[in-house]
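Report on one structure; see the data block that follows.
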Amino acid sequence: MNTSITSAIGQINHIILGKDRQVRLALACLLAQGHLLIEDIPGVGKTTLAHALARVLGLDYQRIQFTSDLLPADILGAAVFERESGAFRFLPGPIFAQLILADEINRASPKAQSALLEAMEEGQVSIEGETRPLPSPFFVIATQNPIDQVGVFPLPESQLDRFMMRLRLGYPNPAAERDLLAGQDRRELLANLQPVLTPAELAEQQRQVRNVRVSDALLDYLQAIIGASRQNASFMEGLSPRGGLALKHAAQAWAYLAGRDFAQPEDLQVVLPGVVSHRLRPAPGITAGDEAWAVRILLQVPIP
Amino acid sequence: MAKFEPGTLWLVGPLLLALLPQTLFLPVWISAAAALGMVWRISPVWRKNASSQRLLRLVLALSGTLGVFIEHHTLFGPQGGVSLLVLMTVLKLLESEGRRDHLVMTLVGYFLLMTTFIHDQRLLTALWLAVAATVFTASLVATQSSAPLPWRTALKLGGSLILQALPLALLLFVLFPRLHSPIGGLIQTRQAQTGLSDSMSPGSVSQLIRSDAIAFRADFASAGIDGRALYWRGPVLWQYDGQTWHRTGTAVEKVAAEPLGQPLNYTITLEADNQPWLPVAGLATHVNLPGAHETADLEWLAARPVQERQRYEVQAWLDYRIEPTLSPARRALALDLPRGFNPGAIALGRRWAGEGRSPQAIAEAALAYFREQPFHYTLNPPTLGANAVDDFLFASRRGFCEHYAGAFTVLMRAAGVPARVVTGYQGGEYNPIGKYWIVRQRDAHAWAEIWLANQGWVRVDPTAAVAPNRIELGIEAGLPDTDKSLLNLPAAWLQPLRLTWDFVNNGWNQWVLGYDFERQQRLLNVLSPSLTSLRGMLWSLLAGAAILLGGLSLLLLHPGQQPKPDRPARLYARFLHRLARTGLHKGPAEGPSDFARRAIRHRPQLAREIEAITSLYAGLRYGHAPQAQLAELQRLIRNFRP
Amino acid sequence: MKTRRLNLPWRPPDIEAGPIRLTSRRLYILPTRIGLVFAALLFGLLLASSNYAISLGYLFTFLLASVGMAGLFHTQRNLLGIVLRPLPVAPVFAGEAARFKLCVDNPDTRMRGALILKQGRHASAEADIPGRSSVELEITLTQPRRGYHHAAPFNLASTWPLGLFRCWSVFALDWGVLVYPRPAPDPLPFPASTGTGQGKAREQAGEDEFSSLRSYRPGDSLNRIAWKNVARGQPPLTKQFADRQGETLWLDWDAAPEQETEARLSRLARWVLDAERSGQIWGLRIPGKTLPPGRGDPHLKQALDALARHGEI
């Protein structure tokens, strides 16, 4: 196991208290080169988590607050008219950073949303007919508030699929809450965080994650899960091929974080809720119950 | 767009296979029409205007029916019916398109296959038709699936259906009750092969000898009998008109016959030769064939000319005395010679008689004459004149057995010794595989019998005097080399193959074609006497069918083949099984590490083993662990005793 | 625990959740019409064989009969072990045909031939399933009435491989289709706002309709710059657009001119579709259910769902 990753997890856990699993999942998502959607009420530390990740991984960080009047240009950047030269010059938007925090993404208009999501998907930005590559690594953490109903534009399913994982942080447990209340200001702690990796090292780790072995036996299991999602009247649609790949890569990353060079069924099971719950919707006439409903069905699939 | 579809081939192909053997028996124009129809159906022209051909088909159907009626004078029965069926099948083929039509065509095809058996039940034909049935079945399978199956898959499935059906079919075949006496006689078989006729003229036997066809097979109940030493008696000829020998037309009461020594039991399977003769060696007291009867001359005749293969058992004595006293009328018949023929031979006979010799001595003299004068045994004798015997005896001296037997008998009668000609078979070939004797038309023979006071009729074979090898070793050895090419002899290296084939063929004839009421009774009696009753047959049939179908359902309806788990998975399953016996069950969706954690919580004392096994298993099944660790896993699991 | 009872073809099957694995106790098998013809043919062949004393005819007849028997097992085997999974049925409007897709899963390595899904006179296309794969059999059933409708029992049948026997299984799945009310055919203007909305009309910067020009600010898209002005040497101006987003539209049960319930639902369905197409933010109020204003596909579906289920107990 890579010591720098261990130390990264340790450092973040020092700031986000009692959320070890979510921190690891977020890190796994990043190592698997996926984007992360955090859905939760304000104030549970979404922003802090994103910022902390950026700090320890040595990534440059941009926060974009999504509002209803945010324009695509506000995200991507635009050509600017320079009075002195009388010409237009491209001014890169905040998206040209290695880690983007897209805060309250569902507040912006669908146009602004898709500007970000298309950039996420393609790893590049096309503005005024010119294609500009995004930095590498490029990682988006988007947050949205599930409670707000009025005046929001929920992300359509097709867009949700672009996030590898959706996580909920939830309230801290009482012990963590107490530490939080008693402890230092989070913002100060954030400032003290030291990067443990260079971007080149991070890229190397990402490469190693892709090399984590997924045996035929595990692929059988993965396919059984995907098949179960598609052939079940409870689900409107099954997992897309992209969803299946996300599941595999996330499991690889989780195995890597656990210090193994191969993935096993438990890795799939751990990342399953984060990867599938935002991709599956109940079929008409099916009452979903709670959030974990889809996961419960899929976790019943026997391991071959 | 006219397209050549595989479905059409599945339609036409099996039909072609089914009709090919029929062409031997069908009128030529029907075969040609069938071929034309099939070609038309395959051709793209058919598809273009398939629907507009309705009127044409009607016209064809009517004219075809008329043609069949003109050809056979009937539309029914084995000849007309089959012709009509073939025509209608081909017409149906022209309008067949969908799956339903295909099914109907297949059923008709099955029926067509069956009709072939009316004419031809040979083993090869049956095998051919079995292949055709397989292809029919495969075509059914191929067109029943929603997408056209690859022909290989369809053939495989069709073949496996036939193979799976075979045991049940054999059981039914053996145990299904047969009728006691077949109605029979409704089938006109092909013109039978020629056999012994009721007359003999120079050249008639030697014609027969060129045929390779099997006359009959003889299966001796006791081992060690030399079939070549036996003389199989056919027609006995009394009357001579100077050219041809004939049977006597007068019926005679039974004559006294006395068997001597030990009886010999054997079974003859006679091929159809359209002749009534039942070849029998020796004095038979019993020939178990319905309608078989014996004449005073020790001939056995069937009720009517043999048109189907017959099998009969014989009990016979090779040593016997028959007709020790000759009635005056019979004596006169046995001395009768046509007037004005063969003066030389008659003079020679009279001279021997005048020398006061005994009948035996006269016969000896005749044989000595054949032996000492330059006689030749040949298949190619010169043509003889009106005084055939004289020409032969004093001029050409080249002849075949009928020449010798005829001349000898004439000499005997001229010398006052009652004599007659006997035709039949002598010799044969032993099949060591089946342990029976094959006697062919080639082994046809003619010899003489003379009557001696107190001894009755005694066999004298004048051919033996000229060509002793013919008698001892068979026709091939007796003939000069130059004549052997006339015999149609097979190459020597083919001999084992031919014998094997004959053995198979004989088995086929005996056990499949000849499986009738009696065979069934005999076979079932060997198995268990209780089976021979109708009730026994039906019950055993039901029980056997139940067993076979049960087996088939086990074979086919067991849960389908799951892919075989790999070795680590199998070993791990054993580990799970052992833990399950202690009450710890892994959930179907529980990962190995999760389960290990839970297991250790419940059985802390096993922690070390469970951990080691789980990590080895995970490494082998999911990770990069080298195969060498498999042995380690195996060892750990073998020693794992929770 | 529920007692297992024998499945009989004339008994209406229990409703099951699925997936269903076809075991031998759920399968029925009977000869097809062609199968009966085949049996008659065999009988004829047997008679002919005994009549003409053709021993080989017996053998051949028995072989064909046995092939038929083997075919029986093959036909049963063709369905045995298959797993049926109902797939979700997309909602339809009343009068449209709903597509019921059954996923038929072949867990074994051997192929399954010519499976067909039937309900009454309706039948799916026939399909083969190669080893270890699955197909979807689809049957379209026209839905005349709105609401959630449970599907009647289906049967899955096959005569493969010989067509002499038909094997089938009857099953009633917990499977249904949500049928939205048929939208009213005639367009009517939306009802006037009842004033309960938070709807103070506000103009929101948007992209739909040109409204005015303002001075250029860095970050404005080049597409929006009024180039004519720049060409005249004036400082660049940016075109302003506005989304036509008036006050929140409330689609109200009472606002519908129709009196009869179904007609009202049809009217509301039509309004809901029109409102969504117009891009406005809209809400729905029907007795027993109020849908807060919103917009987008999920919102529309929620509304139609509510309309479809109106009056459901």
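The values are calculated or read from the model by the stated rules, or taken from the named source; none is laboratory data. The model shown is predicted, which means the values in this text are computed figures rather than measured ones. Please note: Cβ atoms are built from the backbone with ideal geometry, for glycine as well, and neighbour counts cover all protein chains shown.
Where helices (runs of 4 or more DSSP H) fall wholly inside segment A:149-247, the ranges with 2 or more residues that are within 30 Å of B:P626 (Cα to Cα) are A:199-211, A:216-230. Name the residues in segment A:1-33 that are surrounded by fewer than 22 Cβ atoms within 10 Å (Cβ to Cβ) and either in a loop (DSSP other than H, G, I, E, B) or over 18 Å from the mean Cα position of the chain (by Cα) (or both), would you? Selection gives A:M1, A:N2, A:T3, A:S4, A:T6, A:S7, A:G10, A:Q11, A:H14, A:L17, A:G18, A:Q33.
Residues in segment C:160-180: is at least one without any contact (Cβ under 8 Å) to a residue 60 or more places away in the chain, more than 14 Å from chain B (Cβ to nearest Cβ), in contact with a strand residue (DSSP E or B) (Cβ under 9 Å, 6 or more places away or on another chain) and not in a strand (DSSP E or B)? No, there is no match, as no residue in segment C:160-180 is without any contact (Cβ under 8 Å) to a residue 60 or more places away in the chain, more than 14 Å from chain B (Cβ to nearest Cβ), in contact with a strand residue (DSSP E or B) (Cβ under 9 Å, 6 or more places away or on another chain) and not in a strand (DSSP E or B). Cβ-Cβ contacts under 6 Å between residues 6 or more apart (or on different chains), taken from a first residue in segment B:240-265 that is surrounded by fewer than 14 Cβ atoms within 10 Å (Cβ to Cβ) and assigned to a strand (DSSP E or B) to a second residue that is aromatic (F, W, Y) and modelled with pLDDT of 85 or more, are listed as B:L260/B:Y320.
Number of residues in segment A:152-182 that are of a type in the set (S, T, N, Q) and crowded, with 20+ Cβ neighbours inside 10 Å equals 1. Scanning segment C:57-101 for residues that are assigned to a strand (DSSP E or B), over 30 Å from B:L554 (Cβ atoms) and within 14 Å of chain A (Cβ to nearest Cβ) yields a count of 7.
Within segment B:339-364, residues that are of a type in the set (V, I, T) sit with their Cβ atoms under 6 Å from residues that are part of a loop (DSSP other than H, G, I, E, B), at 6+ positions apart or across chains, in these pairs: B:I362/B:A415; B:I362/B:V417.
Among the conditions (1) over 41 Å from the mean Cα position of the chain (by Cα); (2) modelled with pLDDT of 90 or more, B:G340 misses just one, which is (2).
Rundown of residues vs (1) closer than 29 Å to C:R33 by Cβ; (2) surrounded by fewer than 18 Cβ atoms within 10 Å (Cβ to Cβ); (3) in the same structural domain as B:V135 (by TED's automatic domain parsing), yes/no style:
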residue	(1), (2), (3)
B:Q22	yes, no, yes
B:A33	no, no, yes
B:L36	no, yes, yes
B:R41	yes, no, yes
B:A61	yes, yes, yes
B:H72	no, no, yes
B:T89	yes, no, yes
B:E95	yes, yes, yes
B:V108	yes, no, yes
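Which condition breaks for A:I303 when tested against (1) more than 10 Å from every other protein chain (Cβ to nearest Cβ); (2) surrounded by 17 or more Cβ atoms within 10 Å (Cβ to Cβ); (3) part of a loop (DSSP other than H, G, I, E, B)? Unmet condition: (1). Applying a threshold of 7 Å to beta carbon distances and a minimum spacing of six or more residues, or different chains, the list of pairs starting in segment B:155-170 at a residue that is at the interface with another protein chain (Cβ under 8 Å from one of its Cβ atoms) and ending at one that is outside any helix (DSSP H, G or I) and of a type outside the set (A, V, I, L, M) reads B:L157/C:P161. Set side by side, the residues A:F88, A:F81, A:F96 differ, and just one is more than 13 Å from chain C (Cβ to nearest Cβ), among the hydrophobic types (A, V, I, L, M, F, W, C) and free of Cβ contacts under 8 Å to residues at least 40 places away in the same chain, which is A:F96. The helices (runs of 4 or more DSSP H) found wholly in segment B:543-642 and carrying at least 1 residues that are closer than 20 Å to A:F262 by Cα and among the basic types (K, R) occupy B:567-581, B:592-602, B:607-622. Quick one: in segment B:540-575, of everything that is modelled with pLDDT under 80 and within 12 Å of chain C (Cβ to nearest Cβ), which residue is surrounded by the fewest Cβ atoms within 10 Å (Cβ to Cβ)? This residue is B:K564. Does segment A:217-233 contain at least one residue that is more than 21 Å from C:C103 (Cα to Cα), in contact with a strand residue (DSSP E or B) (Cβ under 9 Å, 6 or more places away or on another chain), more than 14 Å from chain C (Cβ to nearest Cβ) and surrounded by 22 or more Cβ atoms within 10 Å (Cβ to Cβ)? Within segment A:217-233, one or more residues are more than 21 Å from C:C103 (Cα to Cα), in contact with a strand residue (DSSP E or B) (Cβ under 9 Å, 6 or more places away or on another chain), more than 14 Å from chain C (Cβ to nearest Cβ) and surrounded by 22 or more Cβ atoms within 10 Å (Cβ to Cβ).
All but one of (1) at negative phi; (2) of a type outside the set (D, E); (3) surrounded by fewer than 19 Cβ atoms within 10 Å (Cβ to Cβ); (4) not assigned by TED's automatic domain parsing to the domain that holds A:V23 hold for A:Y256; state the number of the condition that does not hold. Exception for A:Y256: condition (3).
Within segment B:503-524, can one find any residue that is farther than 23 Å from C:G57 by Cα and not assigned by TED's automatic domain parsing to the domain that holds B:F216? Scanning segment B:503-524 turns up no residue that is farther than 23 Å from C:G57 by Cα and not assigned by TED's automatic domain parsing to the domain that holds B:F216. Hey, any hits in segment A:190-212 for a residue that's closer than 21 Å to A:L298 by Cα and either touching a helix residue (DSSP H, G or I) at 6+ places or on another chain (Cβ under 6 Å) or not polar (S, T, N, Q) (or both)? No.
Within segment B:69-81, residues that are under 22 Å from C:A53 (Cβ atoms) sit with their Cβ atoms under 6 Å from residues that are at pLDDT 85 or above and β-branched (V, I, T), at 6+ positions apart or across chains, in these pairs: B:G80/B:V68.
In segment B:81-144, counting only helices (runs of 4 or more DSSP H) that sit wholly within it, none holds 2 or more residues that are aromatic (F, W, Y), touching an Asp or Glu at 6+ places or on another chain (Cβ under 8 Å) and at the interface with chain C (Cβ under 9 Å from one of its Cβ atoms). Of all the numbered requirements in (1) free of Cβ contacts under 8 Å to residues at least 60 places away in the same chain; (2) over 18 Å from B:A35 (Cβ atoms); (3) of a type in the set (S, T, Y), B:S63 misses one, and that requirement is (2).
Residues in segment B:620-642 that are within 13 Å of another protein chain (Cβ to nearest Cβ), surrounded by fewer than 17 Cβ atoms within 10 Å (Cβ to Cβ) and under 13 Å from B:R570 (Cα atoms): 0 in all.
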